[in-house]
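Student: Take this structure, written in structure tokens, and hold onto it; I'll ask about it next.
Derivation of every value follows stated rules applied to the coordinates shown; laboratory data play no part. Quantities reported herein were computed from a predicted structural model and do not represent experimental measurements. Neighbour counts are summed over all protein chains in view; Cβ atoms, including those assigned to glycine, are modelled from backbone coordinates with ideal geometry.
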Amino acid sequence: AQSVTQLGSHVSVSEGALVLLRCNYSSSVPPYLFWYVQYPNQGLQLLLKYTSAATLVKGINGFEAEFKKSETSFHLTKPSAHMSDAAEYFCAVFTPMNSGYSTLTFGKGTMLLVSP
Amino acid sequence: DAGVTQSPTHLIKTRGQQVTLRCSPKSGHDTVSWYQQALGQGPQFIFQYYEEEERQRGNFPDRFSGHQFPNYSSELNVNALLLGDSALYLCASSTSSGGNPSTDTQYFGPGTRLTVL
């Protein structure tokens, strides 16, 4: 079965500081992993995805994530936080279904707070 | 290029009532998935529609049903509403690539906030 665990429901950083949001996965098949961002009162926007092409994945808005099989992790990072990065971030794993098609299984999310 | 759209934005219902939520997929997409996001939680998969048929369902009761139209738009219906159905309902669209994660990326709409009183 596929699952993801996001460590820390809230992460606080200062503007300009490194952002690190943690995600660990469990997967019975080679994992495909995603990070989505949700701004207040909005839907989910895809930040980046890992589909086995490269272990370091670059996304939008300066975010990147590294797939580490040995650690079953897919942590999201950004070198320098901006106030506009304040949002909730969700890690998700590609989940094959009995039908042969797929859906996503999400973590519970991490709220990123950025202070001036 | 319009993205995924959902209507209405907000909805308030009382227990026992029925509700219909609507979704139009991103241009070029033929598959629609519905998710429920309770407060403080990640989205939970409800079901997925392709070619006007439900092809997979998550762990939700039969009170939750759906429909997909020939133009690929979709509806989510919830009967006999419970207080616990209060949530943000998200629609996601994708192409039917047979489970290829490289191309089977789901794009989400803004959601419908349902409040059950």
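Student: What aspartates and glutamates could a cross-link reach from B:K13, if we take a straight Cα to Cα line under 12 Å and drop same-chain neighbours fewer than 8 places away?
Tutor: The reachable aspartates and glutamates, counting only those whose Cα sits under 12 Å from B:K13, are B:D85.
Student: What residue among B:Q68, B:T95, B:L81 has its Cα farthest toward the positive end of the dipole of segment B:41-117, where the charges are +1 on Lys, Arg and -1 on Asp, Glu, each on the Cβ?
Tutor: With unit charges placed on the Cβ atoms, the residue in question is B:L81.
Student: Related question: State, to one decimal in nm², a quarter of the convex hull surface area for the C-alpha atoms of the protein assembly as shown, i.e. the direction-averaged projected area.
Tutor: Seen from a random direction, the Cα hull of the protein assembly as shown projects 12.6 nm² on average.
Student: Moving on to the next point. When Lys and Arg each count +1 and Asp and Glu each count -1, what net charge do the other residues less than 14 Å away from A:S27, Cβ to Cβ, add up to?
Tutor: Residues close to A:S27 contribute a combined charge of +1.
Student: Exactly which trypsin sites (Lys or Arg not before Pro) in segment B:1-69 are in a DSSP loop and have at most 13 other Cβ atoms within 10 Å?
Tutor: In loop regions of segment B:1-69 (DSSP not H, G, I, E or B), the sparsely surrounded trypsin sites (Lys or Arg not before Pro) are B:R15, B:R63.
Student: Next question. Treating only the Cβ of Lys, Arg, Asp and Glu as charged (+1, +1, -1, -1), what charge dipole size does the protein assembly as shown show about its Cα centre? Round to the nearest 20 debye.
Tutor: Dipole of the protein assembly as shown, to the nearest 20 debye: 400 debye.
Student: Along the positive direction of the dipole of segment A:34-111 (beta-carbon charges: Lys, Arg +1; Asp, Glu -1; about the Cα centre), which of A:F63, A:F74, A:F94 reaches farthest?
Tutor: About the Cα centre, the residue reaching furthest to the positive side is A:F94.
Student: Which one, B:Q106, A:S14, A:Q2, is farthest towards the positive end of the dipole of the protein assembly as shown when Lys and Arg carry +1 and Asp and Glu -1 on their Cβ?
Tutor: A:S14
Student: In addition: Just how large is the dipole of chain A about the Cα centre, in debye to the nearest 20, putting +1 at every Lys and Arg Cβ and -1 at every Asp and Glu Cβ?
Tutor: Around 220 debye, computed over chain A.
Student: Could I ask something else about it? For peptide A:44-53, compute the average count of partner chain beta-carbon atoms within 10 Å of each residue's beta-carbon.
Tutor: What the average comes to for A:44-53 is 3.
Student: Averaged across the residues of A:71-81, what count of C-beta atoms belonging to other chains lies within 10 Å of each residue's C-beta?
Tutor: 0
Student: Quote the Stokes-Einstein diffusion coefficient, in whole µm² s⁻¹, for chain A, based on the Kirkwood radius over alpha carbon pairs, a temperature of 37 °C and a viscosity of 0.692 mPa s.
Tutor: Stokes-Einstein gives a translational diffusion coefficient of 229 µm²/s.
Student: Lysines within cross-link reach of A:K49: Cα-Cα under 16 Å, excluding same-chain residues under 8 positions apart?
Tutor: Within the straight-line cut-off, A:K49 pairs with A:K58, A:K68, A:K69, A:K78.
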